[in-house]
């Protein structure tokens, strides 16, 4: 039957408070109306005002069902929309809330329509959409739904027609959804999860990463766990067989009887080095894990509700709260994908890049209220589902999208190495089909930085503004260590692919660093880009991601010679195409080069090395210089006590001796504060327990600090010996 295209067709909800069905009341009153939420928000005011007399209207409700369906759904959830009544709009009072309706027919029981359903309370049909036209004929002209036709479309075919078959690419989705449903029952039984994981770790060493410092449990195992981290135990960089082993063990732990997937293709996984959705105990808030459980349950309720503004608002609010927690960020979307892969899109780095390249969707670099919040996420999902139904779409469902992004982003195949002491089976960073782990100032502090938080924040701000900075300081102040971590914090993620590290030395040239002619096969010379030009290319190709070049010992080479014309191009206010210049060596037909604004340079400089000349003034003008000084402060002392296991009294003694040494160096007219000894000399690494602090300190002084002092006082060796003995006096 042909459709009258001169009028609009509306499908609307009729529930008050998200639960009470007002269909009969509306029919009796001869109206349809919308009830705003408790805050009085009416997102449909404009749409309701646009309703015209003569438009047809249907009352509907949407929900999800797994059983008693007129086709084989292979055990998957199916979106269902019940048509309860149909009528014709007769008048619009233009109040944005209601319209008068001549109700024609009340369906009891309601007519059920499958697959193509609307979550929103007011849904206007697009007449150029063939599925919308089928729905109109079903609702208003009593034509049956052609279910086989829908099942042939890839959007639904992927899920229903072959789901569950042994060779199905997305058969894993059933296990993941069932796992999430069962796991939801353990909200108040988390102790069972922790105790079970602890037992399993005795035979499954891949679970040993679930330990943390400061745990009250004798084994050091986590005291609490969130559902996403629990599922993350089999969604990490491991071999397929190991993932299957862990998944089977955890399914048995929660009492789930379901077949473990044969493969996990296209499922984003967590980085092995950061596989939790919450921070370490000393850095997380008491409510963080509870907040993740609330997000988990709210997401399941939203996905299974079918429709309703209350569920949407609750989800968006929970999303916004959760992404504000430390260590969550974009990884939350991966966890949501695991629990309902047909409803939630993962926004790992590979998927974000795929959305950009295949759909032209550019997402902000950061996630948060000011960048990308819960409602933005829901809007993106609705937009994608609409695109999936189009015949020109490269993919037709969220799992297919994730699979395509995974295939496009994966560089190497999954390793098949066995488990090693350091989790050696972890995929190389470039092989892990996920975005890099989130990284921020809190992570720098947790890894052993003793600068105050406000100073770190100021550093990040200065890099963002100036584009180029140099960390300068005496030996042992952590310049190199901090430079790379500042780069990650600036990016917001630990992404080694966006970081280029170079060390300057006296023989380094412009041709090495920027671009130059190099020997090639057949005795030819080829024009090759150095690390700086390679970083510039990457920054230009990915304008929505940061690229950082770290230059160690920048004053050990000849910066003016090595940078050449790049000294002009790297200036923060000359990062535009109109500022482009021709390089000393250009490819034929190549346009002039400019440095993109998303490229940052972080240099390090040892100011105590007397063999080096002063930095060129032209370089000084283009970089901001940040002084790093020894940090024998409380944060340093806490680190030695907590990470090194050194008695606090000994720590305080070491700190006092080092401060006294630096006072002597600063007071020496031939040296001064630029020669003070940094804290790194007497700082053990994370988790490096010092079993014999006295022997350890003596060894550091005799083999590292002593020789440095001999270099300082090369013309007064007796002074160097005196200060070395003073450091060790009584030890």
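Just so it is clear, none of the values below were taken in a lab; they were calculated from the coordinates. Predicted model, so just to flag it, every value in this text is computed and none were measured. For neighbour counting, all protein chains shown are included, and Cβ atoms are generated from backbone atoms with ideal geometry for every residue, glycine included.
Quick look at the values:
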{"read-out": "Rounded to 10°, Cα long-axis angle of helix 479-491 versus longest principal axis of the chain", "value": "20 degrees"}
{"read-out": "Relative exposure of 90, 23, judged by other C-beta atoms within 10 Å (fewest first)", "value": "90, 23"}
{"read-out": "Rounded, prolate or oblate (a/c below 1.5 giving rounded, otherwise prolate when a/b exceeds b/c) for segment 634-728 by Cα gyration tensor", "value": "prolate"}
{"read-out": "Answer label for percent of Cα pairs over 50 Å apart (calculated), chosen among (i) 26; (ii) 30; (iii) 65", "value": "(ii)"}
{"read-out": "C-alpha center-to-center spacing [segment 539-601, segment 92-149] in angstrom", "value": "58 Å"}
{"read-out": "Gyration tensor verdict on segment 258-333 (Cα atoms; rounded if a/c is under 1.5, prolate if a/b is larger than b/c, oblate otherwise)", "value": "oblate"}
{"read-out": "Cα gyration tensor category, rounded, prolate or oblate, for segment 465-554 with a/c compared to 1.5", "value": "oblate"}
{"read-out": "C-alpha center-to-center spacing [segment 631-653, segment 221-291] in angstrom", "value": "34 Å"}
{"read-out": "Cα centroid of segment 346-390 to Cα centroid of segment 11-81, whole Å", "value": "27 Å"}
{"read-out": "The chain - share of DSSP beta bridges that are antiparallel (%, nearest 5)", "value": "60 percent"}
{"read-out": "Residue exposure sequence - 594, 505, 67 - by fewest surrounding Cβ within 10 Å", "value": "67, 505, 594"}
{"read-out": "Value of relative contact order over the chain, rounded to a whole percent, pairs C-alpha under 8 Å and six or more apart", "value": "9 percent"}
{"read-out": "Relative contact order [Cα under 8 Å, 6+ residues apart], segment 590-731, whole percent", "value": "21 percent"}
{"read-out": "Over the chain: helical MRE at 222 nm, DSSP H runs n ≥ 4 each giving -39500 (n - 2.57), nearest 500", "value": "-10500 deg cm²/dmol"}
{"read-out": "Least to most buried among 188, 304, 102 (fewest other Cβ within 10 Å first)", "value": "188, 102, 304"}
